[in-house]
Amino acid sequence: MLDFCYLVNPYFPPKKMIDELKYNFKVLLEQYPSGLDVNSRLVAKIFDIKKENIVVGNGAAELIKSVIEKIEGNIGFIRPTFEEYPNRHNSEKSIIFVPNHDNFSYTAKDIIEFYSDKDIEALVLINPDNPTGNYICKKDIFTLIDWAKCNGIKFILDESFVDFAEEENPTFLNDEFLALYKDFIVVKSISKSYGVPGIRLGVVATSNSELVSMIKKDVSIWNINSFGEYYLQIYDKYKKVYANALVEIKNARRIFLKELNEIEEFRVISSQANYFTIELKKGTSKNLCLKMLEDYNIFVKDLTSKINLENREFIRVAVRNIEDNESFIFAVKDYFQKL
């Protein structure tokens, strides 16, 4: 089966890294991992962050739960989005911004204008957003940090997909940036861009020492297993390979976008992530997803119920390698010819 639903990097990890993990399988299986302090040191080294500013989690989901559930007041969420954030908060205290744009796009200015008269304790921004791929440039994120600081709003920036953005060096995992505001919090999943969702790794970084201490007390001391720890230990050897993998997937995305735009039954929303949200001009998302799975062995995400716009149908398609993307294009063209 070709999985165009779940979002990973098809160009990383490389075979050599996988072989290294396989070779050490027995040792990793039979040995306890190190504790949270040691593993936080490992991610601090990888991201060049002070150890006291970063915590490693059993996937970003563990850290999202820890951060969001401690916020008692209203939180601003932008929809459609990754539902793990709003799901961890009281819906009655969720202030939702739905962009009034056909492509669900929005800017820092739009966010500030919408929330300027709202009583929120925190704002969550996923950048690029999921499922739309909407991206706010680095310069405008600084504007949001300043705005949040002036208004005493916790600013939670999830940059799990930011490595896929075209902007050079877009990350805010940087001690200098974290020091701009103590309630500026950066969350990053290591599953998405690094292509290792099964290992379950994620980080949260902030200069707020009280929050870091609270998260460390909230999660288990052995929250990372031995395979995740070993991945963190050997990652530095593959940094150049990872950089090349990002170049490859961005190229695959450009080619895939061009081919998707040539399908007249699709309206494709441009994306800075490793996926595209697509509105169907013909047929239903449910039927397309079922037929892709039954007839072509291709798994696609049905987005219609999530976006929830009357009489409009949506899917989300992951970006895979060029060969797999071409298989999807062939299957979709064949599907519409038979429809």
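Just so it is clear, none of the values below were taken in a lab; they were calculated from the coordinates. Only a predicted model underlies this, so the values are computations on that prediction, with no experimental measurement involved. All Cβ positions, even for glycine, are placed from backbone atoms using ideal geometry, and neighbour counts span all protein chains on display.
Things to note:
- Reachable aspartates and glutamates, given that their alpha-carbon falls under 17 Å from the alpha-carbon of K138 and they are not under 8 places away in the same chain: D110, D129, D146, D158, E159, D163, E166, E167, E168, D175, E176
- The chymotrypsin sites (Phe, Trp or Tyr not before Pro) of segment 175-242 meeting both criteria, a DSSP state outside H, G, I, E and B (loop) and at most 16 other C-beta atoms within 10 angstrom of the site's C-beta, are W222.
- On the basis of the beta-carbon distance and an R0 of 30 Å, D140 and K16 show a calculated FRET efficiency of 0.20.
- Listed residues V67, C137, Y106: farthest to the positive end of the dipole of segment 15-237 (Cβ charges): V67
- Of all the options L28, L63, L246, the one that moves most in a Gaussian network model of the chain with Cα springs shorter than 10 angstrom is L28.
- Distance in nm between pseudo-label sites at N261 and E248 (7 Å out along the Cβ direction from Cα): 2.5 nm
- Rough spin-label spacing in nm, given labels placed 7 Å along Cα→Cβ, for D110 and K306: 1.8 nm
- Cross-link partners for K286 among the lysines, with Cα-Cα distance under 18 Å and sequence neighbours closer than 8 places in the same chain left out: K301, K306, K333, K338.
- Across K51/K239; K22/K239; K65/K258, pairs whose alpha-carbon gap is larger than 28 Å: K65/K258
- In this rough spin-label picture, where each label sits 7 Å from Cα along the Cβ direction, the D236-N103 distance is 4.1 nm.
- Karplus-derived 3J(HN,Hα) values for segment 24-37, using 6.51 cos²θ - 1.76 cosθ + 1.60 with θ = phi - 60°, are 9, 3, 4, 5, 5, 5, 9, 10, 5, x, 6, x, 4, 4 Hz; glycine and proline are entered as x.
- Qualifying chymotrypsin sites (Phe, Trp or Tyr not before Pro) in segment 253-339, where qualification requires a DSSP coil assignment and no more than 11 other C-beta atoms within 10 Å, are lacking entirely.
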